Amino acid sequence: GNTSVASAALAVTIPSTPVAPTIASFSPDTGLVGDGITDQKTLTLTGVAAANSTVTVFDGPNQIGTATANSSGAWTFTTAALADGSHNFTATGTSSGLTSAASTALTVTVDTVAPNAPVETNASIVSGTTKVQLTGTAEANSTVQVFDGTSQVGTTTANSSGAWTLTTGSLASGSHGF
């Protein structure tokens with residue numbers, strides 16, 4: 001009929017599912033920073049996940065590798081060579097045997113093929129000035145640099161159909177080759 005003293009408490013922690021990681025950026029981001037386009041085939045992805053978790057990286061539905069988040073949650077992953085085209089990167093985090101939901105996708109377009117040379121379709125003198133308005137076609141959304149011989153006279157961007165227009169600054173009298 002004697003009752004013992006209570007045993008020491010046994011602490012048990014039930015892990016919770018980790019929060020989905022984030023993919024914050026990729027590098028190198030060539031051309032216009034932030035446009036999601038690069039001319040490099042191998043990229044480094046960086047992000048944040050649960051501290052010390054295993055981050056699994058996907059390109060669309062395909063797992064392409066893993067990284068380990070440090071004690072602050074920061075992680076990086078370098079891809080193998082990627083094919084030209086659009087890539088939708090996501091990541092999951094695994095900690096204590098539990099896997100998070102997928103991150104929001106980071107879409108990156110790899111474009112390693114140089115565009116065809118732009119074509120000038122028209123040149124006309126702007127009425128009453130020494131300026132010339134040039135029009136032409138180029139790869140859609142590309143940056144077009146216009147030269148008079150070897151001197152750059154301006155930069156413009158082709159629209160989504162590839163059409164571009166540029167009006168030069170004032171030019172000296174004489175012949176010009178654009």
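Observations
- Selection of the range 1-42 for residues being under 12 Å from the mean Cα position of the chain (by Cα), assigned to a strand (DSSP E or B) and of a type in the set (S, T, Y) yields S25, S27, T38.
- Of all residues making up the range 66-89, the number that are within 17 Å of A24 (Cα to Cα) and out of contact with any Pro (no Cβ under 9 Å at 6 or more places or on another chain): 13
- Scanning the range 43-57 for residues that are part of a strand (DSSP E or B), within 19 Å of A101 (Cβ to Cβ) and open to solvent by less than 50 Å² (accessible area, probe 1.4 Å) yields L45, G47, V55, T56, V57.
- Residue within the range 72-90 that is open to solvent by 60 Å² or more (accessible area, probe 1.4 Å) and more than 22 Å from the chain's Cα centre (by Cα) present: yes
- Taken across the range 114-131, residues that are closer than 30 Å to Q63 by Cα and part of a loop (DSSP other than H, G, I, E, B) do occur, with at least one present.
- Just one of the listed residues (S16, S72) is out of contact with any helix residue (DSSP H, G or I) (no Cβ under 7 Å at 6 or more places or on another chain), farther than 22 Å from T112 by Cβ, at pLDDT below 95 and among the polar types (S, T, N, Q), namely S16.
- Taking the criterion of being open to solvent by 70 Å² or more (accessible area, probe 1.4 Å) and more than 30 Å from A49 (Cα to Cα), the residues of the range 102-114 that qualify are V113, A114.
The values are calculated or read from the model by the stated rules, or taken from the named source; none is laboratory data. If you're wondering where the values come from, they're calculated on a predicted model, not measured in any experiment. Note: ideal-geometry Cβ built from the backbone for every residue, glycine included; neighbour counts use all protein chains shown. These area figures cover heavy atoms from the full protein model, side chains too; ligands, DNA and RNA do not enter into them. Shrake-Rupley method; radii C 1.70, N 1.55, O 1.52, S 1.80 Å.
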